[in-house]
1. Is it true that some residue in the range 183-192 is farther than 28 Å from GLU62 by Cβ and open to solvent by 40 Å² or more (accessible area, probe 1.4 Å)?
2. Tell me which residues, restricted to the range 56-93, are open to solvent by 70 Å² or more (accessible area, probe 1.4 Å) and within 25 Å of PHE218 (Cβ to Cβ).
3. When you go through (1) touching a Phe, Trp or Tyr at 6+ places or on another chain (Cβ under 7 Å); (2) in a strand (DSSP E or B) one by one for ASP97, which number turns out not to apply?
4. Across the range 134-152, what is the number of residues that are polar (S, T, N, Q) and out of contact with any strand residue (DSSP E or B) (no Cβ under 6 Å at 6 or more places or on another chain)?
5. What is the one condition in (1) open to solvent by 40 Å² or more (accessible area, probe 1.4 Å); (2) more than 30 Å from THR130 (Cα to Cα); (3) of a type in the set (Ser, Thr, Tyr); (4) in contact (Cβ under 8 Å) with a residue 40 or more places away in the chain that THR50 does not satisfy?
6. Of all residues in the range 105-153, which are at negative phi, open to solvent by 60 Å² or more (accessible area, probe 1.4 Å) and either in contact (Cβ under 8 Å) with a residue 24 or more places away in the chain or among the acidic types (Asp, Glu) (or both)?
Amino acid sequence: MKVLEKSSWMLLLGIFAVGCEVLREEPPIITSTYYPLATGNFWEYQVDNTRYFGEEDFETTEFFYRDEIVDQYLNADNDLVYRVRRQYSEDRNRWDDEKSYTLTFSNSRIIRHDNNLQEIVLSYPVAADTEWNGNAYNSRPSTYFFIERMGDYLVENNYFPETVTVRQSEEDDQITLRDIRYEVYGKEVGLIESYYEVFKYCSRNECLGEQIIQEGRFTHLKLISYGKD
């Protein structure tokens, strides 16, 4: 009788274990859908750029950038790091190397390492009003990026049905500084627009509050072509 009771108990335990196995859900796999990372992917941008060197002293230029992922490697944390080569052109015929930067997809975040600055430019899963500290990997003060908008978007007559706009900064006290920055990413496309407008206004008594730009930079990238080599 005791043998039968033990067998019945083991059978019930086995059924319970199988049932738990069936009900267990695997965690969703997060992939970088809004910034496809693979060797050979490239993006070409039209760029409007203005640099301010002093009051009434500025230079405006128009040119093109071509960013291409040229190789990849594993870092110490076993994350894939993608090296991006940026090239410069005035006419899209002759391209000259300008610099390199890296993109890393780690812990469901896109980390861009450019000019000794690491920023978390995108965080998954993508959802409205999501925010994160873009400076979590550097020594700068915490700056919270957030998803400002999701939906369709038009850039230079190119229509993108699914995009996410990441607001990085929106500050203008109209007295000492202006810092307006955002980036737009397209699903299965990558970065389709980057807006950077950072100025310091003249703060001397004779020009305080007149919004006279003392120094700064305006740079606007708009995607005009992308693909894979």
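The values are calculated or read from the model by the stated rules, or taken from the named source; none is laboratory data. Since this is a predicted model, take the numbers as computed values, not measurements. Virtual Cβ from ideal backbone geometry, glycine too; neighbours counted across all protein chains shown. Protein only, heavy atoms only, side chains kept; ligands, DNA and RNA dropped before computing areas. Shrake-Rupley method; radii C 1.70, N 1.55, O 1.52, S 1.80 Å.
1. For the range 183-192, residues farther than 28 Å from GLU62 by Cβ and open to solvent by 40 Å² or more (accessible area, probe 1.4 Å): present.
2. Quick first cut of the range 56-93, residues open to solvent by 70 Å² or more (accessible area, probe 1.4 Å) only: 56-60, 62, 72-74, 76-78, 83, 85, 90-93.
Of everything in the range 56-93, those that are open to solvent by 70 Å² or more (accessible area, probe 1.4 Å) and within 25 Å of PHE218 (Cβ to Cβ) turn out to be GLU56, ASP57, PHE58, GLU59, THR60, GLU62, ARG85, GLU90, ASP91, ARG92.
3. Status for ASP97: all satisfied but (1).
4. So in the range 134-152, the residues polar (S, T, N, Q) come out as 135, 138-139, 142-143.
Going one step further and asking which of them are out of contact with any strand residue (DSSP E or B) (no Cβ under 6 Å at 6 or more places or on another chain), we end up with 135, 139, 143.
Total meeting the criteria: 3.
5. Going through (1) open to solvent by 40 Å² or more (accessible area, probe 1.4 Å); (2) more than 30 Å from THR130 (Cα to Cα); (3) of a type in the set (Ser, Thr, Tyr); (4) in contact (Cβ under 8 Å) with a residue 40 or more places away in the chain one by one, THR50 breaks only (1).
6. Within the range 105-153, PRO125, GLU131, TYR137, GLU148, MET150, ASP152 qualify.
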